[in-house]
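K.L.:
Okay, here's the structure, questions in a sec.
Derivation of every value follows stated rules applied to the coordinates shown; laboratory data play no part. All values derive from a computational prediction rather than experimental measurement. Quick reminder, even Gly has a Cβ in these numbers, built from the backbone with ideal geometry, and neighbours come from all protein chains shown.
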Amino acid sequence: MPPRSEGPEVVPISGDDDVVRVRQLVRTYAQQTKLSLVDQTKLVTAASELARNTLIYGGGGFARVEEVSDGRRAGVRASFHDEGPGIPDLTLALADGWSSGSGLGLGLSGARRLVDEFELDTEVGRGTVVTVVKWKR
Amino acid sequence: MTADAGRAQSLTDLMRTEAEPLIGKWVDAVAALLRGRQTRSELERDFREFYAALLPLVGNDGRDVSGPEFGDIRSLLDEYSRARVRAGFTPSETASSLFSLKRVIFDLTENSDDPQFYRQQRAFSGLLDALGLLTFESYAQARDEIIREQSEQLLELTTPVVKIWEGVLAVPLVGTLDSARTQVVMEKLLEALVETGSEHAIIDITGVFAVDTQVAQHLLKTVVAARLMGAECIVSGIRPQIAQTIVALGIEFGDIVTKASLADALRHALRREGVDVVRSRAV
Amino acid sequence: MERVPILKIGGVLLVSIQIDLHDQSVLALQEDLAEKISATGAHGVIIDISAVEIVDSFIGRMFATIASISRLFDADTVVVGMRPAVAITLVELGLTLGGVRTALDLERGMKILGQLGRGRDA
């Protein structure tokens with residue numbers, strides 16, 4: 001069975017307001033998919049971190065949110081696209097950076113812990129795409 | 001190939017003209033098999049539907065029952081098998097309902113020596129076998145669903161969050177803790193803290209026999225989450241083996257309050273709540 | 001951008017967050033609070049987040065920052081009303097609030113500030 005996708009929605013990320021808009025959109029999808037309250041909160045929080053990364057480190061871009069299904073369960077997929085400088089050192093970017101005070105560290109590594117699937121596609125000088133999925137338990 | 005015009009009779013025709021007696025015998029056979037656990041009229045109602053859905057399929061050998069022409073019979077059998085699971089019938093009894101039709105039809109046609117008729121019968125037999133297997137699958141699926149439902153219900157039953165004092169909640173955990181269960185319990189506990197306005201929660205694991213890294217992590221995270229909410233968790237009743245596991249796994253319990261027994265934990269919580277427990281007279 | 005109102009009750013400043021926080025609102029709140037504490041000489045700050053549905057690292061860091069600012073003015077900070085789902089998420093995210101005090105609700109938050117205040121006077 002091909003994965004069922006329902007109405008992917010795209011939001012530009014070019015300012016502060018957009019980070020809030022992405023959060024609200026992801027929450028709508030998470031509620032629609034009937035994720036548990038805790039899972040909704042985790043996904044929206046991850047989306048907030050990633051949208052802010054797109055804005056601050058990627059110089060803006062867009063987010064794409066959609067409902068997905070793997071045949072057995074439903075889920076929500078959100079991806080964050082930018083055409084910024086890319087991430088030269090992935091290991092460093094994914095390390096926990098909270099204690100050192102760098103925002104990027106906790107953003108990526110924290111977001112990864114909050115979702116079921118996490119994919120990072122980056123090329124120096126070309127941009128970054130981060131895709132996350134949260135499945136219904 | 002053309003058969004003798006006088007004796008030529010397709011299985012379909014036979015089943016059509018002999019429908020009433022065939023259904024009657026089929027019901028008899030299955031009713032005997034089930035020894036009265038289902039009434040004749042119930043069986044008759046089901047079998048009449050099956051029979052009607054089977055008729056257009058005669059001639060098909062059932063090699064591929066996933067086709068659209070099988071839609072009706074598939075959904076009938078699925079429903080039938082599911083009802084059987086709930087009613088406590090075995091999978092063999094369920095599948096036998098179909099197999100019994102074979103015997104009934106063969107009894108009627110055993111004297112025929114028409115080869116074409118024989119081929120039709122053989123195909124029909126294959127069809128019933130395939131459909132019998134379908135009931136097995138539906139049966140197994142329905143049973144899986146029931147088991148899943150029950151384990152969810154059990155989870156609710158076995159993990160009560162109880163208020164044991166004003167401001168003190170307790171969760172006595174019993175049995176084997178898996179990651180999913182621990183997560184559910186912990187969420188329930190945190191919700192209950194807010195609902196009851198309790199600042200203390202005792203997680204008693206006296207009845208827990210084994211703890212793995214993930215479960216220990218969930219326990220730890222719950223304690224930290226409760227602290228973020230402004231409440232304190234006390235873990236009580238850690239068995240010696242579990243204490244050893246926790247140390248061996250290198251899990252840091254840090255500054256989490258642990259007590260040997262639920263009673264000690266309650267005493268601690270009450271003291272923190274500012275409650276003094278004294279005997280009413282000297283003993 | 002919406003600004004979060006700051007209420008003064010006795011010697012306590014109450015910040016009740018009722019909006020979906022923009023990053024700019026967070027920064028503005030930090031500035032407003034610093035000014036207000038210094039102007040009023042408040043001894044405590046309560047941040048009520050019972051209406052807040054998510055706290056990400058940016059908002060989480062605000063709590064720690066506000067606590068540090070308050071401390072410079074000899075005031076204590078208590079974060080009250082964090083929802084269970086938010087708390088679980090913060091733990092998973094790996095965010096600690098840097099020793100910020102927390103309480104289940106506003107009433108208990110006030111009580112904590114009262115106790116801390118007494119401790120300081122003694």
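K.L.:
For the protein assembly as shown, what does the helix formula give at 222 nm: sum of -39500 (n - 2.57) over DSSP H segments with n ≥ 4, over the residue count, nearest 500 deg cm²/dmol?
P.N.:
The per-residue figure over the protein assembly as shown is -17500 deg cm²/dmol.
K.L.:
Further, regarding this structure: Under 23 Å between alpha carbons, and skipping anything fewer than 8 positions from residue B:102 in its own chain: which lysines qualify?
P.N.:
Within the straight-line cut-off, residue B:102 pairs with B:25.
K.L.:
If you take every DSSP beta bridge fully contained in chain B, what fraction is antiparallel? Give it as a percent rounded to 5. Don't skip to the end; give the middle numbers.
P.N.:
Details: 3 of 18 bridges.
Close to 15 percent.
K.L.:
Around residue C:33, with a cut-off of 15 angstrom between Cβ atoms, what is the net charge of the other residues, counting Lys and Arg +1 and Asp and Glu -1?
P.N.:
So the surrounding residues net to -1.
K.L.:
Let me ask you something else. Mind telling me which of C:94, C:41, C:60 comes out most flexible in a GNM of chain C, alpha-carbon contacts under 10 Å?
P.N.:
Checking each option, the largest mean-square fluctuation is seen for C:94.
K.L.:
Roughly how big is the range B:1-134's charge dipole about its Cα centre, with Cβ charges of +1 (Lys, Arg) and -1 (Asp, Glu), in debye to the nearest 20?
P.N.:
460 debye
K.L.:
Moving to a separate point now. Label-point separation (nm) for residue C:96 and residue A:95, each offset 7 Å from Cα along Cα-to-Cβ?
P.N.:
1.9 nm
K.L.:
Can I ask one more? What does the extension gain come out to for residue B:12 and residue B:196, with contour length at 0.36 nm per residue minus their alpha carbon separation?
P.N.:
Values: separation 184, 0.36 × 184 = 66.24 nm, distance 6.97 nm.
Gain in length upon complete extension: 59.3 nm.
K.L.:
Translational D (Stokes-Einstein, µm²/s) of the range B:11-150 at 20 °C and 1.002 mPa s when Rh comes from the Kirkwood sum over C-alpha pairs?
P.N.:
138 µm²/s
K.L.:
Counting pairwise Cα distances across the protein assembly as shown, what percent come out greater than 33 angstrom?
P.N.:
Numbers: 86373 of 146611 pairs.
Every Cα pair in the protein assembly as shown considered, those over 33 Å come to 59 percent.
K.L.:
Counting partner chain Cβ atoms within 10 Å of every residue's Cβ in C:103-112, what's the average?
P.N.:
3
K.L.:
Right, next: Only loop residues by DSSP count here, and only those with at most 14 other Cβ atoms within 10 Å; note down the GluC sites (Glu not before Pro) in the range B:173-253 that meet that.
P.N.:
When the GluC sites (Glu not before Pro) of the range B:173-253 are filtered for loop state and at most 14 Cβ neighbours within 10 Å, B:252 remain.
K.L.:
Between residue A:124 and residue B:261, how high is the FRET efficiency from 1/(1 + (r/R0)^6) when r is the Cβ-Cβ distance and R₀ = 56 Å? Nearest 0.05.
P.N.:
0.45
K.L.:
What is the average number of partner chain Cβ atoms found within 10 Å of a Cβ in C:61-71?
P.N.:
Whole-number average of other-chain Cβ neighbours for C:61-71 is 0.
K.L.:
Further question on the same structure: Given the Cα-Cα distance of residue B:151 and residue B:61 and 0.36 nm per residue of separation, how much length would full extension add, in nm?
P.N.:
28.4 nm
K.L.:
Please list, short to long, the whole-number percent of alpha-carbon pairs of chain A in consecutive 5 angstrom bins beginning at zero.
P.N.:
Taking every Cα pair in chain A, the percentages come to 2, 12, 21, 24, 20, 13, 7, 2, 0, 0.
K.L.:
Ok, one more. As I understand it, the value is the acute angle between the Cα axis of helix B:115-158 and the longest principal axis of the Cα atoms of chain B; what does it come to in degrees, rounded to 10?
P.N.:
Helix B:115-158 sits roughly 10 degrees off the main axis of chain B.
K.L.:
Roughly how far apart, in whole Å, are the Cα centres of the range C:55-77 and the range B:77-92?
P.N.:
So the two Cα centres are separated by 62 Å.
K.L.:
Restricting things to alpha carbons, tell me how big the range B:162-273 is in terms of Rg and Dmax, in Å.
P.N.:
Taking only Cα atoms of the range B:162-273, I get Rg and Dmax of 12.9, 37 Å.
K.L.:
Can you give me the C-alpha center-to-center distance between the range B:202-276 and the range A:37-83, rounded to a whole angstrom?
P.N.:
The range B:202-276 and the range A:37-83 have Cα centres separated by 35 Å.
K.L.:
Still on this structure, I have one more. Which FRET efficiency, nearest 0.05, do residue B:251 and residue B:37 yield, Cβ-Cβ r, R0 56 Å?
P.N.:
Given R0 = 56 Å and the Cβ-Cβ separation, E is 0.55.
K.L.:
Using only Cα atoms, tell me the angle between helix B:213-229 and the longest principal axis of chain B; keep it within 0 to 90° and round to the nearest 10.
P.N.:
Its long axis makes an angle of about 60 degrees.
K.L.:
A further question on this structure: Taking each residue of B:179-191 in turn, how many C-beta atoms of other protein chains fall within 10 Å of its C-beta, and what is the average? Let's see the in-between values first.
P.N.:
Details: counts 0, 1, 0, 0, 4, 2, 0, 3, 6, 1, 1, 7, 5.
That works out to 2 on average.
K.L.:
Estimate the FRET efficiency between residue B:72 and residue B:273 by the formula 1/(1 + (r/R0)^6), using the beta-carbon distance for r and 45 Å for R0, to the nearest 0.05.
P.N.:
For residue B:72 and residue B:273, the calculated efficiency is 0.10.
K.L.:
Something else about it: Output the 0 to 90 degree angle, nearest 10, between the alpha-carbon long axis of helix B:40-54 and the longest principal axis computed from the alpha carbons of chain B.
P.N.:
The angle comes out near 70 degrees.
K.L.:
Still on this structure: Sort out for me the Cα centre separation of the range B:30-48 from the range B:110-184, rounded to whole Å.
P.N.:
The distance from the Cα centre of the range B:30-48 to that of the range B:110-184 comes to 24 Å.
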